[in-house]
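What follows draws every value from the coordinates through simple rules; no lab data is involved. Just so you know, these numbers come straight off a predicted model, no measurement behind them. Virtual Cβ from ideal backbone geometry, glycine too; neighbours counted across all protein chains shown.
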Amino acid sequence: MKITEVTAYTPCEERQDLDMTYYYPLTLVKIDTDEGISGVGEGTLETKCLTVATCIKELGDGYLLGKDPLRIERHWQAMYRGSYWTGGPVINSAISAIEAALWDIAGKNYNTSVYNLLGGRYRDKIKCYTGVGGATPEELADNVERALKDGYTACKTMAFGENPSGRTIDAMEEAEQRCKAVRDRVGDKIDLMLDCHGRCSLEEALGLVEKLAKYNVRWLEEPFFAENMDALSELRKKSKIPIATGERLYTKWGFRELFEKQAAHIIQPDPIHCGGILETKKIAAMAEANYVNVAPHCPYFHVALAIAIQIDACTPNFLIQEGGRIRGKWLVKEPFEVEKGYIKLPTKPGLGIELDLDAIAERPYKPSPPRPGRGYGYMSYREDGSLNPR
Ligand SMILES: [Mg+2]
């Protein structure tokens, strides 16, 4: 079997936020072969979707055409090491998208699910958590209550909002009010995870875990960027709340120091950014040896979720999957559904999905207008005019 074509797609989804319409672009790949088998992958990277698509095109035309798609490890090493310049979110997202498409082809070639090629079915269904918003603590409690009624056993929200004053005490107070509103409303019936999007200093994160410990928080996520493992390690050792991180770490090499320094209780590799399906399995195996569980990052679209689910199905230290609010159902012909907080394991060959190319053609790329109060991408500003850390 030989690869005959590598095509990148950059459709976009229309969304409403802050009373305006904006566009959320995504990046997909389809790899065709001379035996009529095609595979699909996703490499959506916010604000860099066209860049990743170009990287996919360069890897496709420059390396993959004419190659046997089943030699996945060899192609991964060639794509990762072969261009001299390695690493970073753009290159790794392009490689991840392509690698997932190769696994999709492999599954279809052997007429079985990808998880059956990676150790077999370890669990029967995949537990998911859903993201919940809320501009006020009361609104957050309403949304958590709704998630509980929908059958979820876990949900995640932002620890605090934009914190325009930039004062630590304001952010901490807001985080406490949000946790209190949830626990007052639903007790401990649902796991609550808090994401910080890397906005804290070490001092702020130490304060947060102290203040919020009594609210039974399941994990505090990405208190600051995971680049400084010594700071994360210090926080993890002192924190009564489990520390989760890893959505912005790439490849097994990016996670190595995290395990060496015992810098997190839970890791969140993103299968469409960290290097792909097999790379996530390798990172999960490193985590398993360190008694660390894995909750794959996936706020993206249906193809990314299908990729994550194949990994979750065959990974013993899998904890829970992000993505309960399935985005981009329009991308595929028979979308997955969440039933009482779980997604059934797909049984169709490969990733178990089929792209709807007509629907994709109907939603071409559109640049999103800046949103009020927000600049490029998702940046926001403080009262003094400085940038809010993201
Ligand atoms: Mg996060």
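General remarks:
- Only helices enter the 222 nm calculation for the chain: every DSSP H run of n ≥ 4 contributes -39,500 (n - 2.57), and dividing by all residues gives -11000 deg cm²/dmol, rounded to 500.
- Each label point was placed 7 Å from the Cα along the Cα-to-Cβ direction; for residue 359 and residue 203 their separation is 5.0 nm.
- Packing-based exposure ordering (other Cβ within 10 Å, fewest first) of 26, 206: 206, 26
- Cross-link reach is defined here as a Cα-Cα straight distance under 25 Å, omitting same-chain residues fewer than 8 places apart; for residue 366 the lysines meeting it are 30, 48, 57, 329, 333.
- Highest mean packing first, where packing is the average number of other Cβ atoms within 10 Å per residue, the peptides 267-275, 35-43 line up as 267-275, 35-43.
- Taken as Cα centroids, the range 140-167 and the range 298-344 sit 20 Å apart, rounded to the nearest whole angstrom.
- Tilt relative to the chain, helix 229-238 - C-alpha long axis, 0 to 90 degrees, to 10: 50 degrees
- Computed label-point distance, nm, for sites residue 67 and residue 214 using a 7 Å Cα→Cβ extension: 5.7 nm
- Assigned charges on the beta-carbon of Lys, Arg, Asp, Glu; the range 3-113 dipole about Cα centre (debye): 400 debye
- Top positive-direction residue, dipole computed over the chain with Cβ charges, set 278, 122, 50: 122
- Contact order normalised by residue count of the chain, Cα under 8 Å, 6+ apart, percent: 20 percent
- Which of 368, 165 has the fewest Cβ neighbours within 10 Å, and the rest in rising order: 165, 368
- Distance between modelled label sites at residue 348 and residue 19, nm, 7 Å Cα→Cβ extension: 4.2 nm
- The value for the chain of Rg(Cα) / (2.2 N^0.38 Å) is 0.97.
- Computing FRET efficiency as 1/(1 + (r/R0)^6) for residue 5 and residue 382, where r is the C-beta to C-beta distance and R0 is 51 Å, gives about 0.60.
- Net charge dipole size for the range 252-390 [Lys, Arg +1 and Asp, Glu -1 on Cβ; Debye, nearest 20]: 200 debye
- Highest mean packing first, where packing is the average number of other Cβ atoms within 10 Å per residue, the peptides 324-336, 86-98 line up as 86-98, 324-336.
- Using a Förster distance of 25 Å, the FRET efficiency for residue 285-residue 262 (Cβ separation, nearest 0.05): 0.90
- Taking the C-alpha atoms only, the angle from helix 251-260 to the longest principal axis of the chain is near 40 degrees.
- In the range 115-350, taking the dipole from charged Cβ atoms about the Cα centre, the farthest positive-side position among 186, 171, 332 is held by 332.
- Leading residue at positive end of dipole, the chain (Cβ point charges), from 33, 315, 80: 315
- Charging the Cβ of each Asp and Glu at -1 and of each Lys and Arg at +1, and nothing else, the dipole of the chain about its Cα centre rounds to 780 debye.
- Straight-distance crosslink candidates among lysines, where the alpha carbon sits under 28 Å from residue 214 and sequence neighbours closer than 8 are dropped: 127, 149, 156, 180, 189, 237, 238, 240, 261, 340
- Counted over the chain, the DSSP beta bridges are approximately 55% antiparallel.
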